[in-house]
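Student: First the structure, then my questions, so here it is.
The values are calculated or read from the model by the stated rules, or taken from the named source; none is laboratory data. This structure is a prediction, so every number in the text was calculated from the model and none was measured. Positions of Cβ are backbone-derived with ideal geometry, glycine not excepted, and every protein chain shown enters the neighbour counts. For accessibility, only protein heavy atoms count, side chains too; no ligands or nucleic acids. Shrake-Rupley method; radii C 1.70, N 1.55, O 1.52, S 1.80 Å.
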Amino acid sequence: MYDKYQPVIGLEVHVELKTKSKIFCTCPVAFGCEPNTNVCPVCGGLPGSLPVLNKEVVNMAIKLGLAVNCQIAEYTDFYRKNYFYPDLPSNYQITQGDDPICAKGHLEVDTDGVKTKVGITRIHMEEDAGKLVHSGDTISTSQYAMADFNRTGTPLLEIVSEPDIRSAAEARAYLEQLKAIVEYLDISDCKMEEGSLRCDANISVMPKGSDVYGTRVEVKNLNSFKAVQKAIEYEIYRQMCALEDGTPLYQETRTWDDGKGVTLSMRSKESAQDYRYFPDPNLPPVYVSREWVDGIRESLPEMPKERKARLIELGLPEYDAKIITSSKAMADYFDACYEKYQEAKAISNWMMGDLSAALNSAGQDFKNSPVTPDMLVELLKFIADDTISGKIAKTVFEEAFQTGKAPGEIVKEKGLVQIKDTGAIGEMVDQVIAANPQSVTDYQAGKKQAIGFLVGQVMKLSQGKANPGMVNKLLQEKLSE
Amino acid sequence: MVDLFRFTAHELADKIKEKEISCTELTQNVLDRMDAVEGGVHAYVNTVKEQALKEAAAADKKIAAGEQVGPLFGIPISLKDNMSSTDMPTTSCSRILSNFTAPYTATVVEKIRNAGTIVLGKTNMDEFAMGSSTITSYYGPTQNPWGKDLVPGGSSGGAAAAVAAGEAILSLGSDTGGSIRQPAAFCGVVGFKPTYGMVSRYGVHAMTCSLDQVGPITKDVRDCALAMNAIAGYDKKDATSANVPIPDFTANLNGDIKGMRIGVPSEYFPSKLHPGIREKVEGALKLLEEQGAIIEEVSLPASKYALSAYYIISPAEISLNISRLDGVSYGVREDVIDGDVYDMMAATRAKGLGKEVKSRVILGTHFLCIEQLKPYYHKALKVRTLVKRDFEEVFKKVDCIVGPTTLTTSFNFNSFPDSLTLRQNDLLLAGSNLAGNCAISLPCGIVDGLPVGLQIMGNAFDDEKVLRMAYCFEQVSGIKNLQPTFVEGGNA
């Protein structure tokens, strides 16, 4: 069945911008405040209030536009999108119409090594709505709802892709790479679970070789990268089955039920509202000069693609460079380490291995890692100069991660410095030889692997502190005597 | 005690400065006048008498302390009921906002207060400024001080009636399609619609955002210029406010209009124009010519479509501006049993909004539907551009355009003209709003015992020029600070 059909996918991504103030008023953009504490007459939609555009939103939109190869509009304006909803105080959302700030861009997407180009139709600026807090456990049993307008007027960028995406994996890769870019630009927190990055997917399926798109379905409520991929996979499967069975497909909006792993119908497009888009007479159009755009272009930070190339030049394999640059926090961590210690591969090994694992299980990220770049570098230097063994290093790392103590301090406190004294190791070797005559005999009879056991015994005796290379060497010498 | 309420603001301000009268005396005098005539006029929907007297007493202390005060210091004024302030409700004379006191103050209210004026209350208006007779107010109509059962005009009918009846020395109104000028003409006072962007709209309930403009209603042109000095200016809270240098609007009130060119558009003298008004306006033009102005005929050909454009653009914007009134977080909510939030919103709006508002919301919603957008709204915008271009062309040749403000004088509540005539009245008014220009109406005579308005229009940001010409006419004609006969007769 999968050979017969071609999925066609487009994504609509909303990114909450981390400006100081809201898009049309001076209320702060903040999370986790008491309900309705960051509200003023403007974002509260009171009669007589007027919106005034926060220019920083335009700056951020242009940044993102440039980073994804968009054309930046010379003229751009704002529209009212009209619909009644209790979390929308004026019952219209201020958004953009036919002249968005950015259009006609693209993103180069790497899906497991396969490179594709996904077109970006447009990026536009708009205001976020408030939130409804329902009483009771479920919406259907809820007695009443309360509106919290703290989020109302938080600036959003909506990034609309072309229907260029052909698989769920590619959609996920596109989203991850878009997220990385937004993070690199430092314009949003990009937390899907908190809603600062949101994604809706438009999915259709057509017979392979056809150039007529199938019936399009919009899927909402995708709250993680995994959900995006799983929902698209499910929806492709559902639509293909329908086509095989001859069941009709409807143009509709569906919601992803993460628990059940299915999409469910929300509303059909037949009943879709006419939003009566209308240019907002309170907001004069914005004219974007070349100088404005050039100024922003010059201030753009290094993007994931360039950064990855630079890391490869520093000696990292492409795989490592890709993983490390996929998140700005991770790449920044790497750079901070590399600045003090120029062993790129050693850094990436630890970052991608023990550190990532520890951060994941602790639910933390590279930005606020308890093991700072300085600490990791200290640890790596201990390993390099044989102060501690790689095995001991893991213990020290764990301790450092838990306590935040510097590796040097831990090594000193616990007396973990590697034993490199030939005399001391020699004594332990002698002890082990004496205690294990059978292994010695085996070794001398040609069973060379028996030395492994003896090395292990010496290490055990030294509580792991003996230098394994020296143990090996001394054992060999003594056994050959 | 002299009837202080009969004087103009600048006369009274001089008396205060000279310590001839106190602010308390003046305020008390105007409040007494209010007590005497308000029962008949019904200019106000909310008053703050005690607050006003306290402010007057505080003002007297400042005078006694020898503080430097401005030219409107101590003057009792009124605000139209669509201007937000925290000291009393701001309802736009709608049931839906009848319990609503704004938590913030409109820029224009701050400014006029900073000039030292004393606010007495808020004046009656058509609901959300939709109407031209002040009869769509939730609080009932206002009576024109010039005659029994006569409308004061609208939508700033309460503001104009208050000034005419001596219940305020000056008023602030708002003008979307003539809502300052037409009631000023009907009530025999001066009403000025400044250039769009000249006065901040922040905090003033929107009717049609792209047309609304706040302006003064006064007893003479000098008062109007003084009020403009107080309220004009860039406001960063209003993105449509113009960041331009603000002139001293009183600087050229010297009666000198020699060499100024006046355009007279034939379109503004249609056959439906009341012959008495035509005569008065022609007389005014002759007077201005005698003062050295050069009169020439001009044409505004697009003006015949202007009204249609106005009646599409305005409802379209209204339909969206009114949508925020849903009962969710403020206003009078109609709770419903067994309904959801949409039922509540529908019930709130059904009961809270008046018929005129609803009909414009429905019309506007229709014009903005995807199928109607092109044939109506987009076409109306094109007409608006043409109207603007007409004015631009004419203003290349002339300094001001002069004509009547209205086709008729005030009419009786009980014998309303047909709606076509009513709308045609707006014909002479809406053009300035569509083009964003400035225009003044000032009395130019009495016909059948009722005042007639002379309209002087200027190009955008030529506000000062319009005031200069209006002042000249006022000086030469001697028609100013008229005392309305009906209220005077003690009939009101």
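Student: Filter region B:117-136 down to the residues that are surrounded by fewer than 24 Cβ atoms within 10 Å (Cβ to Cβ) and touching a Cys at 6+ places or on another chain (Cβ under 9 Å) and list them by number.
Tutor: Correct list: B:T136 only.
Student: Let me ask something else about it. Before we move on, is A:E56 more than 9 Å from chain B (Cβ to nearest Cβ), out of contact with any His (no Cβ under 8 Å at 6 or more places or on another chain), open to solvent by less than 30 Å² (accessible area, probe 1.4 Å) and among the acidic types (D, E)?
Tutor: On the way: more than 9 Å from chain B (Cβ to nearest Cβ): yes; out of contact with any His (no Cβ under 8 Å at 6 or more places or on another chain): yes; open to solvent by less than 30 Å² (accessible area, probe 1.4 Å): no; among the acidic types (D, E): yes.
No, not satisfied.
Student: Take A:G153 and decide whether it is on the phi > 0 side of the Ramachandran plot, surrounded by 19 or more Cβ atoms within 10 Å (Cβ to Cβ) and in contact (Cβ under 8 Å) with a residue 40 or more places away in the chain.
Tutor: Details: on the phi > 0 side of the Ramachandran plot: yes; surrounded by 19 or more Cβ atoms within 10 Å (Cβ to Cβ): yes; in contact (Cβ under 8 Å) with a residue 40 or more places away in the chain: yes.
So A:G153 fits the description; yes.
Student: In addition: Test B:D335 against the stated conditions and say whether it is open to solvent by 40 Å² or more (accessible area, probe 1.4 Å), out of contact with any Phe, Trp or Tyr (no Cβ under 6 Å at 6 or more places or on another chain) and within 13 Å of chain A (Cβ to nearest Cβ).
Tutor: In short, yes.
Student: Checking the structure you have, find out if any residue of region A:64-79 is part of a loop (DSSP other than H, G, I, E, B), touching a Ser or Thr at 6+ places or on another chain (Cβ under 9 Å), at negative phi and surrounded by 18 or more Cβ atoms within 10 Å (Cβ to Cβ). Can you show your working first?
Tutor: If we filter region A:64-79 for residues that are part of a loop (DSSP other than H, G, I, E, B), which is where we start, we get A:68-70, A:73-74, A:77.
After this cut, where a residue has to be touching a Ser or Thr at 6+ places or on another chain (Cβ under 9 Å) as well, the list is A:74.
Filter again for at negative phi, leaving A:74.
Retained after the next criterion (residues that are surrounded by 18 or more Cβ atoms within 10 Å (Cβ to Cβ)): none.
Checking region A:64-79: not a single residue is part of a loop (DSSP other than H, G, I, E, B), touching a Ser or Thr at 6+ places or on another chain (Cβ under 9 Å), at negative phi and surrounded by 18 or more Cβ atoms within 10 Å (Cβ to Cβ).
Student: Quick test for you: out of B:V199, B:V190, B:V214, B:V204, pick the one residue that is more than 27 Å from A:G45 (Cα to Cα) and either of a type outside the set (S, T, Y) or open to solvent by 10 Å² or more (accessible area, probe 1.4 Å) (or both). Spell out how you get there, then give the answer.
Tutor: Details: B:V199 fails: more than 27 Å from A:G45 (Cα to Cα); B:V214 fails: more than 27 Å from A:G45 (Cα to Cα); B:V204 fails: more than 27 Å from A:G45 (Cα to Cα).
That would be B:V190, the only listed residue that is more than 27 Å from A:G45 (Cα to Cα) and either of a type outside the set (S, T, Y) or open to solvent by 10 Å² or more (accessible area, probe 1.4 Å) (or both).
Student: Within region B:380-391, is even one residue out of contact with any Pro (no Cβ under 8 Å at 6 or more places or on another chain), buried (at least 18 other Cβ atoms within 10 Å of the Cβ) and within 11 Å of chain A (Cβ to nearest Cβ)?
Tutor: No, region B:380-391 has no match at all.
Student: Applying the selection to region B:38-59, what residues are closer than 21 Å to B:E25 by Cα and hydrophobic (A, V, I, L, M, F, W, C)?
Tutor: Listed by number, the residues that qualify are B:V48, B:A52, B:L53, B:A56, B:A57, B:A58, B:A59.
Student: Check region B:362-371 and report whether any residue there is surrounded by 16 or more Cβ atoms within 10 Å (Cβ to Cβ) and touching a Lys or Arg at 6+ places or on another chain (Cβ under 6 Å).
Tutor: The answer is yes, given that some residue of region B:362-371 is surrounded by 16 or more Cβ atoms within 10 Å (Cβ to Cβ) and touching a Lys or Arg at 6+ places or on another chain (Cβ under 6 Å).
Student: Suppose we keep only residues that are under 25 Å from the mean Cα position of the chain (by Cα) and acidic (D, E) within region B:280-319. Which one would you say is farthest from the other protein chains (Cβ to nearest Cβ)?
Tutor: Among them, the one singled out is B:E282.
Student: Please give the number of the condition A:Q463 fails out of (1) of a type outside the set (D, E, K, R); (2) surrounded by fewer than 16 Cβ atoms within 10 Å (Cβ to Cβ); (3) in the same structural domain as A:F334 (by TED's automatic domain parsing).
Tutor: So A:Q463 meets the others, but not (3).
Student: How many residues does region A:466-481 hold that are open to solvent by 40 Å² or more (accessible area, probe 1.4 Å) and either part of a helix (DSSP H, G or I) or in contact (Cβ under 8 Å) with a residue 40 or more places away in the chain (or both)?
Tutor: 9
Student: While we're on this one: Are any residues in region A:80-119 of a type in the set (S, T, N, Q) and in a loop (DSSP other than H, G, I, E, B), and if so, which ones?
Tutor: Taking region A:80-119 first, the residues of a type in the set (S, T, N, Q) are A:82, A:90-91, A:93, A:95-96, A:111, A:116.
Matches in region A:80-119: A:S90, A:N91.
Student: Would you check which residues across region B:90-132 are of a type in the set (G, A, S), facing chain A (nearest Cβ under 10 Å) and over 21 Å from B:G39 (Cα atoms) and list them?
Tutor: Selection gives B:A102, B:A106.
Student: Scanning for something touching a Phe, Trp or Tyr at 6+ places or on another chain (Cβ under 9 Å) and within 18 Å of B:V214 (Cα to Cα), does region B:145-153 turn up at least one residue?
Tutor: Taking region B:145-153 first, the residues touching a Phe, Trp or Tyr at 6+ places or on another chain (Cβ under 9 Å) are B:145-153.
Retained after the next criterion (residues that are within 18 Å of B:V214 (Cα to Cα)): B:153.
Yes, the conditions are met somewhere in region B:145-153.
Student: Within region B:217-240, can you find the residues that are polar (S, T, N, Q) and open to solvent by less than 10 Å² (accessible area, probe 1.4 Å)?
Tutor: B:T218
Student: Right, A:V417: surrounded by fewer than 21 Cβ atoms within 10 Å (Cβ to Cβ) and either in the same structural domain as A:Q342 (by TED's automatic domain parsing) or β-branched (V, I, T) (or both) or not?
Tutor: Details: surrounded by fewer than 21 Cβ atoms within 10 Å (Cβ to Cβ): yes; either in the same structural domain as A:Q342 (by TED's automatic domain parsing) or β-branched (V, I, T) (or both): yes.
When the stated conditions are applied, A:V417 passes them.
Student: Since A:Y83 meets every condition but one in (1) within 14 Å of chain B (Cβ to nearest Cβ); (2) without any contact (Cβ under 8 Å) to a residue 60 or more places away in the chain; (3) open to solvent by 10 Å² or more (accessible area, probe 1.4 Å), which condition does it not meet?
Tutor: The single condition A:Y83 does not satisfy is (2).
Student: Let me ask you something else. Given the criterion in contact (Cβ under 8 Å) with a residue 24 or more places away in the chain and either more than 24 Å from A:A173 (Cβ to Cβ) or within 14 Å of another protein chain (Cβ to nearest Cβ) (or both), identify the matching residue among A:D98, A:D77, A:D3.
Tutor: Sole residue among the options that is in contact (Cβ under 8 Å) with a residue 24 or more places away in the chain and either more than 24 Å from A:A173 (Cβ to Cβ) or within 14 Å of another protein chain (Cβ to nearest Cβ) (or both): A:D77.
Student: Please count how many residues of region B:332-390 are of a type in the set (G, A, S) and outside any helix (DSSP H, G or I).
Tutor: 2
Student: Collect the residues in region A:438-457 that are under 16 Å from A:S389 (Cβ atoms) and in contact with a Leu (Cβ under 7 Å, 6 or more places away or on another chain), keeping them in residue-number order.
Tutor: Correct list: A:V455 only.
Student: In region B:340-398, how many are in contact (Cβ under 8 Å) with a residue 60 or more places away in the chain and over 30 Å from B:S299 (Cα atoms)?
Tutor: Residues in region B:340-398 being in contact (Cβ under 8 Å) with a residue 60 or more places away in the chain and over 30 Å from B:S299 (Cα atoms): 10 in total.
Student: Here's a follow-up. Check region A:40-51 and report whether any residue there is away from chain B (no Cβ under 14 Å) and not hydroxyl-bearing (S, T, Y). Talk me through it step by step, then tell me what you get.
Tutor: Within region A:40-51, the subset away from chain B (no Cβ under 14 Å) is none.
No, the conditions are met nowhere in region A:40-51.
Student: I would also like to ask the following. Hey, A:A435 hits all of (1) surrounded by fewer than 13 Cβ atoms within 10 Å (Cβ to Cβ); (2) within 24 Å of A:D385 (Cα to Cα); (3) small (G, A, S) but one; which does it fall short on?
Tutor: With (1) surrounded by fewer than 13 Cβ atoms within 10 Å (Cβ to Cβ); (2) within 24 Å of A:D385 (Cα to Cα); (3) small (G, A, S) applied to A:A435, the lone miss is (2).
Student: If you don't mind, there's one more thing I want to ask. Kindly check whether there is at least one residue in region B:58-80 that is within 14 Å of another protein chain (Cβ to nearest Cβ) and at pLDDT 95 or above. Steps first, please.
Tutor: First pass over region B:58-80, keeping only residues within 14 Å of another protein chain (Cβ to nearest Cβ): B:79-80.
After this cut, where a residue has to be at pLDDT 95 or above as well, the list is B:79-80.
Among the residues of region B:58-80, at least one is within 14 Å of another protein chain (Cβ to nearest Cβ) and at pLDDT 95 or above, which makes the answer yes.
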